[in-house]
1. Please find, among B:ILE58, B:ILE17, B:ILE75, the residue that is farther than 21 Å from B:LEU431 by Cβ and hydrophobic (A, V, I, L, M, F, W, C).
2. Only one of (1) within 14 Å of chain B (Cβ to nearest Cβ); (2) within 28 Å of B:ARG205 (Cα to Cα) fails for A:VAL241. Which number is that?
3. For segment B:322-336, check the following and say yes or no: at least one residue is within 21 Å of A:ARG205 (Cβ to Cβ), within 12 Å of chain A (Cβ to nearest Cβ) and of a type outside the set (A, V, I, L, M, F, W, C).
4. Determine which member of the set B:ARG23, B:ARG11 is touching a residue at least 60 places away in the same chain (Cβ under 8 Å) and farther than 18 Å from B:ALA401 by Cβ.
5. List the number of the failed condition for A:GLY223; all other conditions in (1) within 14 Å of another protein chain (Cβ to nearest Cβ); (2) of a type in the set (Gly, Ala, Ser); (3) not in a strand (DSSP E or B) hold.
6. Restricting to segment A:398-433, name every residue that is touching a Ser or Thr at 6+ places or on another chain (Cβ under 9 Å) and not in a helix (DSSP H, G or I).
7. Can A:GLU344 be described as assigned to a loop (DSSP other than H, G, I, E, B) and out of contact with any strand residue (DSSP E or B) (no Cβ under 6 Å at 6 or more places or on another chain)?
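The values are calculated or read from the model by the stated rules, or taken from the named source; none is laboratory data. Just so you know, these numbers come straight off a predicted model, no measurement behind them. Cβ placement follows ideal geometry from the backbone for every residue including glycine, while neighbour counts extend to all protein chains displayed.
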There are 2 protein chains.
Amino acid sequence: MKRILILGAGRTTPSLIDYLAKRSSEMNWEVRVADISLSHAQQKTAGYPNTSTCAFDILQTEQSDSEISAADLVISLLPVRFHIQAALACLKFKKHLLTASYITAEMKALDQQAKDNKILLLNECGLDPGIDHMTAMAALDKIRIEYGGIVNSFISYTGGLVSPESDSNPWNYKFTWNPRNVVLAGKETAQFIRNGRYKYIPYHRVFTRIEPVEIEGYGSFEGYPNRDSLKYRELYGLQNVATMMRSTLRRPGFCAAWNILVQLGLTDDSYSLEGLKKLTHRDLMNTFLYFHPSRSVEYKLCEHLKLDLHGEIMQKLTWLGLFEKTPIEMDSASPAKVLQELLEKKWELQPNDKDMIVMQHQVGYSIGNQHKKLQSSLVVIGDDMQHTAMSKTVGWPLAIAAKLILTGELLDAGVKAPITPNYYRPIIKELETLGVNLIE
Amino acid sequence: MKRILILGAGRTTPSLIDYLAKRSSEMNWEVRVADISLSHAQQKTAGYPNTSTCAFDILQTEQSDSEISAADLVISLLPVRFHIQAALACLKFKKHLLTASYITAEMKALDQQAKDNKILLLNECGLDPGIDHMTAMAALDKIRIEYGGIVNSFISYTGGLVSPESDSNPWNYKFTWNPRNVVLAGKETAQFIRNGRYKYIPYHRVFTRIEPVEIEGYGSFEGYPNRDSLKYRELYGLQNVATMMRSTLRRPGFCAAWNILVQLGLTDDSYSLEGLKKLTHRDLMNTFLYFHPSRSVEYKLCEHLKLDLHGEIMQKLTWLGLFEKTPIEMDSASPAKVLQELLEKKWELQPNDKDMIVMQHQVGYSIGNQHKKLQSSLVVIGDDMQHTAMSKTVGWPLAIAAKLILTGELLDAGVKAPITPNYYRPIIKELETLGVNLIE
């Protein structure tokens with residue numbers, strides 16, 4: 001029996017565990033789920049065959065060495081800063097490691113060591129990063145190899161949103177992903193190139209530089225540029241491409257309202273607010289506005305940021321409870337942390353809610369003098385609060401990669417991302433059988 | 001003969017050297033100026049008696065030990081990151097050290113050691129920090145001790161500007177201070193308290209939160225909030241004050257135009273621009289704007305940031321050469337660095353230009369039921385490009401403190417700032433004889 005060790009039993013694990021456990025008898029696998037909270041691990045494995053659980057702390061070396069040495073393959077869904085610990089232990093005991101996180105410089109530095117030990121440290125094998133790379137490379141390789149075309153432009157949109165049937169708030173958004181990451185999203189100068197011209201957008205203007213996107217059958221969205229798109233040119237072999245831009249999708253109107261929170265400083269995580277215990281949410285809004293002896297917080301906000309007092313943006317902000325005289329009840333926190341607390345209540349996915357993943361690549365290419373466009377879209381709807389589209393699209397690529405490695409169908413070593421055909425072909429093919437379909 | 005060792009011969013040294021050298025025969029001093037560039041040190045001491053110079057690198061321990069051990073008192077005008085090296089050597093050889101920089105955490109940690117060795121490490125003894133503290137404490141102590149009043153509010157404005165007679169550009173501004181600091185000014189959430197209400201302003205809105213200030217005889221200014229004002233409450237003994245706000249002064253219209261540079265991302269120092277060699281300043285402006293096949297850079301800027309194409313802001317930006325097709329001629333640099341290069345040419349102080357320091361404190365206080373206001377202002381005009389008001393107001397407080405220490409009139413130990421009467425009384429008194437007058 002081969003043991004698959006899953007580190008971390010967070011919100012992205014249900015579909016991963018479901019996939020592996022359902023095939024465990026046939027494949028002769030044991031699925032062991034390790035989490036800092038034993039009950040979390042137990043909840044996630046309840047009712048599945050061939051599973052086991054343990055309380056686990058990656059920083060307790062003795063325990064983590066013992067768990068990792070007893071496994072045949074390790075999948076880490078821990079916070080990204082802990083992956084390096086997992087990787088070092090995997091190298092020590094010669095175990096393959098899979099993660100759905102970006103390759104850090106520290107991880108990259110283990111490449112030669114991993115190759116020498118014939119160990120695969122596969123990262124970026126979830127949704128974003130993960131399915132985005134795989135579907136992009138599938139499209140690009142098709143154009144370059146099958147059609148003999150030259151790629152001129154690559155634009156890609158990805159969003160983790162709420163399904164239309166569960167879309168019940170004025171922001172058309174609920175959390176299906178780490179709330180802190182959502183609050184701090186875009187906190188980096190956006191960098192991309194368009195028609196041969198570099199474009200740089202500082203954080204405080206990112207949410208004003210939006211573009212409309214239509215996805216057939218799913219309506220209208222808007223995309224804002226997602227951090228550094230320039231580095232993807234090398235990764236995708238598009239060094240000389242005139243347009244390279246990756247964007248994040250929201251429903252129309254989200255960015256204009258979110259921008260107000262950015263403008264006010266509510267997403268600032270760089271300092272601690274003083275005297276929070278005594279403040280209400282309304283008081284906090286006031287701290288970001290100029291002093292006036294009699295004007296209301298709403299009036300000052302609208303006047304300062306040129307908003308319509310009865311417009312959609314004010315409706316969204318009001319719905320969040322930002323103007324309510326409710327106590328904040330935190331000791332000391334950054335504005336971003338206070339905002340996150342509030343949003344976690346308002347944007348919580350309800351038990352029967354379904355989330356939705358939307359991804360679209362638009363690739364412009366030429367064959368001789370002919371200019372063509374390839375568009376590939378992917379929409380995944382979640383089943384419920386547990387088996388979310390996010391859980392499926394992060395967990396399944398990891399699960400499939402684990403299967404391919406354990407059956408010997410995939411053989412590789414070093415620090416890798418799934419951007420070559422040996423990864424993306426079998427993974428995309430099996431994702432399609434699971435209902436994750438790319439529409440070209 | 002007592003030796004005063006000055007580390008660094010930058011733009012703030014001429015008045016310091018002038019003060020010390022002119023009194024050197026009478027006081028029996030040798031003034032030794034050490035700089036990484038020997039010729040810089042020689043230029044600054046040329047024509048003065050009892051001076052000597054040497055090439056000096058604080059990181060060459062042997063040489064810096066030998067220079068510091070041979071001195072009776074050390075004044076460091078090195079970049080702030082080097083003060084700690086100077087302080088450690090001063091402790092080793094039991095020499096007093098004076099700087100015009102903020103006390104860092106590293107410096108603060110030397111307090112007990114300095115006290116044990118009876119060594120004074122006096123910091124924040126220039127203009128800002130320096131004269132600002134001393135004049136503030138003089139006013140506050142007068143109210144508290146002499147008048148028996150209770151201070152309710154403290155608002156302070158400081159600006160290093162160009163004198164009206166030398167004011168010859170549409171920004172009404174020239175560099176009299178480290179250009180890099182000017183370009184990166186305000187890069188921190190501004191924090192202050194006003195009428196009992198905390199106010200926090202993120203960097204990207206600091207230059208929109210300006211207030212008009214009038215200084216009698218010198219016309220109109222505008223002030224923008226200067227970083228963290230809250231921490232001054234403890235320093236000034238104003239823990240319960242309802243208003244505490246420190247601002248930086250510019251001439252009216254400066255901030256609105258500077259804000260456009262901030263909004264565009266031209267003050268961003270967080271990443272390197274790619275392919276700079278091929279870009280003109282006009283191209284660079286375009287990288288911060290949306291793509292359009294035919295609209296001009298000026299049109300796009302005005303449309304995006306709601307500017308009048310022929311208004312004052314556009315005149316200021318145009319005067320800087322931001323829309324010119326001149327090559328940037330840098331290999332790789334952040335936007336802030338490119339902007340600094342450009343500004344250094346445009347805002348350069350000319351040989352006969354005079355700079356101007358403006359400072360104003362507004363202190364509100366009550367005696368019983370009576371509410372009163374004390375306003376103290378200070379304006380210093382430079383003589384020329386060398387003996388700037390900046391050089392005088394930074395150099396003279398250091399020079400006077402050095403004299404007080406060497407003559408034994410001032411005796412203290414530990415890591416200190418000049419916020420107590422033993423410092424501010426004699427220093428302010430002598431500054432007045434030098435023409436630095438506080439007008440109440």
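1. Working: B:ILE17 fails: farther than 21 Å from B:LEU431 by Cβ; B:ILE75 fails: farther than 21 Å from B:LEU431 by Cβ.
Exactly one of B:ILE58, B:ILE17, B:ILE75 is farther than 21 Å from B:LEU431 by Cβ and hydrophobic (A, V, I, L, M, F, W, C), namely B:ILE58.
2. Only one criterion in (1) within 14 Å of chain B (Cβ to nearest Cβ); (2) within 28 Å of B:ARG205 (Cα to Cα) is unmet by A:VAL241, namely (2).
3. Within segment B:322-336 (the criterion being within 21 Å of A:ARG205 (Cβ to Cβ), within 12 Å of chain A (Cβ to nearest Cβ) and of a type outside the set (A, V, I, L, M, F, W, C)), the answer is yes, since at least one residue qualifies.
4. Result: B:ARG11 is the single residue among B:ARG23, B:ARG11 that is touching a residue at least 60 places away in the same chain (Cβ under 8 Å) and farther than 18 Å from B:ALA401 by Cβ.
5. So the condition that A:GLY223 fails would be (3).
6. Kept after step one, since they are touching a Ser or Thr at 6+ places or on another chain (Cβ under 9 Å), are these residues of segment A:398-433: A:398-399, A:412, A:424, A:428, A:431.
If the condition is that a residue be touching a Ser or Thr at 6+ places or on another chain (Cβ under 9 Å) and not in a helix (DSSP H, G or I), then A:ASP412 is the only one that fits.
7. Criteria not met by A:GLU344.
Yes/no matrix, rows are residues, columns are (1) touching a Cys at 6+ places or on another chain (Cβ under 7 Å); (2) away from chain A (no Cβ under 14 Å); (3) crowded, with 21+ Cβ neighbours inside 10 Å; (4) of a type outside the set (Val, Ile, Thr):
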position: B:GLY149; (1), (2), (3), (4): no, yes, yes, yes
position: B:PHE154; (1), (2), (3), (4): no, yes, yes, yes
position: B:GLY160; (1), (2), (3), (4): no, yes, yes, yes
position: B:ASP167; (1), (2), (3), (4): no, yes, no, yes
position: B:PRO179; (1), (2), (3), (4): no, yes, no, yes
position: B:LYS187; (1), (2), (3), (4): no, no, no, yes
position: B:PRO202; (1), (2), (3), (4): no, no, yes, yes
